[in-house]
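Each remark here refers to the structure printed beneath this line.
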Amino acid sequence: MKIFGEYDVVVVGGGTSGVAAAVASARAGANTILIERFGALGGQMNVSGPPGFSFAHLWNNYGEQCLAGFVEETHHRLEKDGLAVPYPKPKDRHASSFVLVDPDWWGLMVFEMMTENGVNLLLHSLAVDVLKKGGSVTGVIVENTSGRMAVLGRVVIDCSGEGDIAMRAGAPYEQVSKDEYEIEPPSISFTMDGVDWDRVLQHMRESPEDVIFQRREMFLPPEEGIKFRKEYLKRVKSIDDMLLLGSISYRQLTRDLVARGELHPYGDLGFFFTPREGGKVQAIFQHSSQVPQCDTTDVRELTAGEVEARRQVVIAARAARKYIPGFENAYLTRITSYLRIRETRRIMGDYKITLDDVYESRKFEDVIGKSVMTMGGHHVANIDTLSQFPGKGGAKDGSFDLPYRILVPQKVENMLVAGKMVSTDRDCYLRFLPETMITGQAAGVAAAVCVKKAVTPRQLERDIKEVQDILVKQGAILFGTR
């Protein structure tokens, strides 16, 4: 078999975790290659996204910043060019705060970062298998227009999103069965421009009962929600003042249209705000096209899901233009390239985060990052979109640590994983984009340190101080928060 090249660190998957891992590894001194099946980098941020919460949940409810590093660096780079909403004022920082960015410019920026940091790229190449010597991974096999070839590496990081490579290497994993559970639905997002934002605001002021400010009102009784909206809208002068809310939902309109057969029943006719160049704002509908009970690790179901999602986009886009005040002249400008997948495999590591870890704001000696996410909620393919809350249904006000051991898959050597497939219980899995970047950056640094010390990722568990020191130098927050 033809060998493409030999590297210190091989990163499989160029989504949010993969680009963070590649940059972090290269900055830590490793000769790094990033393999991506498409020609674009960014994954759920800009290719199958954007999700509106891509830069949300950076603070805990004490106002302490808990997530930084690659997350903060990429935000600030965009902010300097007017392509990201600034961080909220300190008094407004909490676990549900949104910091919106222009996702397409984020995708262009990460290409610049690859060049700046000397990351080798192998695009349009699908990793289809691993090379192993005994229980140790020694590289991956890729397929592309040039044929089949091997990419050799001293450490391989699986950032594929679905754990495809770790699974092929023999790592154990957990995955929900649709016979027992409702799988979180994959979705297609679409963007609309040509919105009359003054008309949107006028309608909200005149009929505050028709909308929901989703994140801020998720757990409020209806009457308190209306009161909150009225008070908030008194301070709103233009649509720019709505950006920190992240999103709005037309929940009653959705119910009415579904009842009349003018909207499919699998999502919510609401949208996230997205900043664009020149101070412009667009609407991104990310919960309006959702495929129920779709096991995306089955290629037949994945294919059928792509078809069904696009059928729903047509229905939802037409309904938005016809019935949302201010959208009368709106038009479709962008549809994401493929399904945004919420739930598949979780690769089991040497530690598995549990809901108790979340609720107790647990701290670990081998911390490589933090999260402030309120866990326990699951997306569903209906108009509520987020309605399953098993277990305790909420978290404390602080943050919980992400231990290094969740990145080290069981039964496999010379491999790390990052992104949404890291080792957690289902009810606290880390699929949100800030956490994927946090675990990606940590995996990249850890891989580089393994190469430097000539140890395996599992052997590195004995002492990860050097990893922590490098992460802190790269801007990560590991200590000092509640």
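Values in this text are rule-based calculations from the coordinates and carry no lab data. This one's a predicted model, so the numbers in the text were calculated from it and none came from an experiment. Positions of Cβ are generated from backbone atoms using ideal geometry, with glycine treated the same way; all protein chains shown enter the neighbour counts.
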Subset of K237/K370; K411/K453; K91/K322; K91/K178 violating a 32 Å alpha-carbon distance limit: K237/K370; K91/K322; K91/K178
Relative contact order [Cα under 8 Å, 6+ residues apart], the chain, whole percent: 24
Angle in degrees between helix 103-116 and the longest Cα principal axis of the chain, rounded to the nearest 10: 20
Estimated dipole of the range 156-307 in Debye, rounded to 20 [Cβ of Lys and Arg +1, of Asp and Glu -1, Cα centre]: 820
Structure-based [θ]222 nm, the chain - -39500 (n - 2.57) summed over DSSP H runs of at least 4, per residue, nearest 500: -9000 deg cm²/dmol
Which labelled figure in [x] 37, 27, 22; [y] 48, 23, 21; [z] 37, 24, 21 is semi-axes √(5λ) of the Cα gyration tensor in Å, once derived from the coordinates: [z]
Inverse of mean 1/r across different Cα pairs in the range 331-482, Kirkwood, Å: 16.4
Hits among lysines - C-alpha to C-alpha of K363 under 22 Å, sequence gap 8 or more where chains match: K352, K392, K396, K420, K465, K473
Principal-axis tilt of helix 299-323 within the chain, Cα atoms, nearest 10 degrees: 30
Residues V299, V445, sorted so that the one with the fewest Cβ neighbours within 10 Å comes first: V299, V445
Full-stretch length increase - D196, M1 - with 0.36 nm per residue and alpha-carbon distance subtracted: 64.4 nm
Net charge dipole size for the chain [Lys, Arg +1 and Asp, Glu -1 on Cβ; Debye, nearest 20]: 320
Most positive-pole-ward Cα, G440, I226, S371, against dipole of the chain from beta carbon charges: G440
